[in-house]
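Data block below; observations after.
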Amino acid sequence: MIYDSQYNRLALLGTSVHGVSLFDTTLRDGEQAPGIALSAEDKMKIASALNDLGVSIIEVGFAASGDTERDMIKKIAQMNLSSTVCSLARSVKGDIDAVIDCDIGYVHTFLATSDIHLKYKLKMTREEVKAKAVDAIEYARSHGLKVQFSCEDATRTDIDFLKEMHIAAQDAGAGTINVPDTVGVIYPTAMTYLISELMKVTKVPMAVHCHNDMGLAVANSLAAVAAGAKQVHVCVNGLGERTGNAALEEIALGLYANFGVEVADLSRIGDVSKMVSRITGYPIPYNKPIVGRNAFAHESGIHVHGVLNNAATYEAFRPELVGVDRHIVLGKHSGAHSVKDRLNALKVKFPEDKIPELLAKIKELAVGGKEIDDAELMVIADHILWKRGDDDPVKLKEFAVFTGKGVTATATVAVEIDGSVRTSSNTGIGPVDASIKAIRCAVNDKITLEEYKLNAITGGSDSICEVTVVIKGAYDLSRLSVGKAVGLDIVATSVDATMEAINRDYIRGKGERNG
Ligand code: KIV
Ligand code: ZN
């Protein structure tokens, strides 16, 4: 389900888009991103996932780059995928021979056409470039390969020369001609103009290959499609040279949302994105459209309230459309609706009148942007229900601990009991031990620590911890008293749990004395 803007429909009235397909270059342009080096096995796994996703062409590598690359391409070719397997090649015979050697039927060959590239890189004239491109295409065709040809840096190429190149390439046998925005400089309406101009002379289908240097790769690709391009080059998670290529997931959704064209099995997108992130080691940015952790995360009270009433209020489309989950985040901006929703989802019965206290504790713990997950919420809720009021007869007035490596942990506390303040310092084998000893000394040196339990709820280094302390002998030498606390800091939470146990013991002892 897409929650469209009515203005899209107005603007796109009369634009008919059909026969569009994806050319995925995650395994070629994507792999060119710094730090990515994929093994044959990695590439085979990704190729299989892209095949299941339904992409039309998979550019799996650059055959001329060596034997290992060729062996990998051969292995993928032997997988008999439904997607067409393609290799990149420069416009030279040696590169095309390397592709022929891989037993695949499709080559993507390219040559730069902009004056900048001709002058500073190729040191060739336009005529020489055209002749070289034509030779390469004809050579590949004569060996039975299907050819997609790219004028590298097309968006900075003189329009008349670009048209000449397109005519020459299609006459030489290229079945598709790609228009690369190699350094990501074009603007969407300029792309519309460029494709419309090229459509006047290009009889074969055109593809578009947009880089994201100005953050416009997806917008430019969609503009190209609206203007008549039939294929979009994409990389999963927007990988690719420098700032990457148009992201597969954004293009697939953009084509579906704006033109009703389904170029891939959208429901697999979330899984494919995670898989590519895992294999490449490139994390998915939290705020990445479609697949980022925040794409369907709602924290602020107003948004959660809206989404819980009707997801259309703050979502562009349903997360299940692209195989990802919505999650309501509990944190600094949460409101009562979010907390109740999470408790309901977890089937935790929690009294309405204690929700404000629970919310206040969540906000206190959500320092530095920390999110409270379900396990942590259950512990906090449990703690609120278990806790007494704030009427502590034994009050912790001051607490400091000095610790480090190679130093003896030392804690100093001041407690107030019945109006009189007592202080004590103590050392211990660590800050928790020193703190609990100092409290025991300040309150009553007969107290014994019977049990101490620390539980980090999520296992992360920023996890909320739950400390349970069992003591004996604060005021009653024969009975055990339990104290529990939840917090972010192990030492402070241990101190809170110890104070809670002491207060429980004190209150019970006092009650019994009075009774
Ligand atoms: O960005 C580019 O121009 C390329 C070509 C090889 C098409 O990746
Ligand atoms: Zn590229």
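The values are calculated or read from the model by the stated rules, or taken from the named source; none is laboratory data. What you see is a predicted model, and the numbers here were worked out from it, not measured in a lab. Quick reminder, even Gly has a Cβ in these numbers, built from the backbone with ideal geometry, and neighbours come from all protein chains shown. Heads up: the accessible areas ignore ligands, DNA and RNA and are worked out on the full protein's heavy atoms, side chains in. Shrake-Rupley method; radii C 1.70, N 1.55, O 1.52, S 1.80 Å.
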If Gly19 meets every condition in (1) open to solvent by 20 Å² or more (accessible area, probe 1.4 Å); (2) of a type outside the set (S, T, N, Q); (3) in a loop (DSSP other than H, G, I, E, B); (4) without any contact (Cβ under 8 Å) to a residue 40 or more places away in the chain apart from one, which number is that one?
(4)
Go through Ala136, Ala169 for me and flag whichever is closer than 13 Å to Phe110 by Cβ, without any contact (Cβ under 8 Å) to a residue 40 or more places away in the chain and more than 16 Å from ligand 2 (Cβ to nearest atom).
Ala169
Restricting to strands (runs of 3 or more DSSP E) lying wholly in the stretch 385-449: which have 1 or more residues that are surrounded by 16 or more Cβ atoms within 10 Å (Cβ to Cβ) and touching a Cys at 6+ places or on another chain (Cβ under 9 Å)?
409-417, 420-428
Of the conditions (1) assigned to a helix (DSSP H, G or I); (2) out of contact with any Asp or Glu (no Cβ under 9 Å at 6 or more places or on another chain); (3) more than 16 Å from ligand 1 (Cβ to nearest atom), Glu69 clears all except one; give me its number.
(3)
Of all residues in the stretch 150-175, which are within 33 Å of the chain's Cα centre (by Cα) and either more than 11 Å from ligand 1 (Cβ to nearest atom) or of a type in the set (A, V, I, L, M) (or both)?
Ala154
Being buried (at least 21 other Cβ atoms within 10 Å of the Cβ), charged (D, E, K, R), modelled with pLDDT of 95 or more and farther than 13 Å from Thr109 by Cα is true for just one of Asp153, Asp160. Which residue is that?
Asp153
The lone condition Met124 fails out of (1) farther than 18 Å from Pro205 by Cα; (2) open to solvent by less than 40 Å² (accessible area, probe 1.4 Å); (3) touching a Lys or Arg at 6+ places or on another chain (Cβ under 9 Å) is (2)
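Has the stretch 42-50 got any residue that is away from ligand 1 (no atom under 16 Å from the Cβ), touching a residue at least 24 places away in the same chain (Cβ under 8 Å), open to solvent by less than 30 Å² (accessible area, probe 1.4 Å) and charged (D, E, K, R)? Lay out the reasoning, then the answer.
Step one: list which residues in the stretch 42-50 are away from ligand 1 (no atom under 16 Å from the Cβ), which gives 42-50.
Still in the running and touching a residue at least 24 places away in the same chain (Cβ under 8 Å): 42-50.
Filter once more, so that each one left must be open to solvent by less than 30 Å² (accessible area, probe 1.4 Å): 43, 46-47, 49-50.
With charged (D, E, K, R) added as a condition, the list becomes 43.
Scanning the stretch 42-50, I find at least one residue that is away from ligand 1 (no atom under 16 Å from the Cβ), touching a residue at least 24 places away in the same chain (Cβ under 8 Å), open to solvent by less than 30 Å² (accessible area, probe 1.4 Å) and charged (D, E, K, R), so the answer is yes.
Report whether or not Ala360 is touching a residue at least 60 places away in the same chain (Cβ under 8 Å), open to solvent by 30 Å² or more (accessible area, probe 1.4 Å) and either aliphatic (A, V, I, L, M) or part of a loop (DSSP other than H, G, I, E, B) (or both). Break it down stepwise before answering.
Values: touching a residue at least 60 places away in the same chain (Cβ under 8 Å): no; open to solvent by 30 Å² or more (accessible area, probe 1.4 Å): yes; either aliphatic (A, V, I, L, M) or part of a loop (DSSP other than H, G, I, E, B) (or both): yes.
No, not satisfied.
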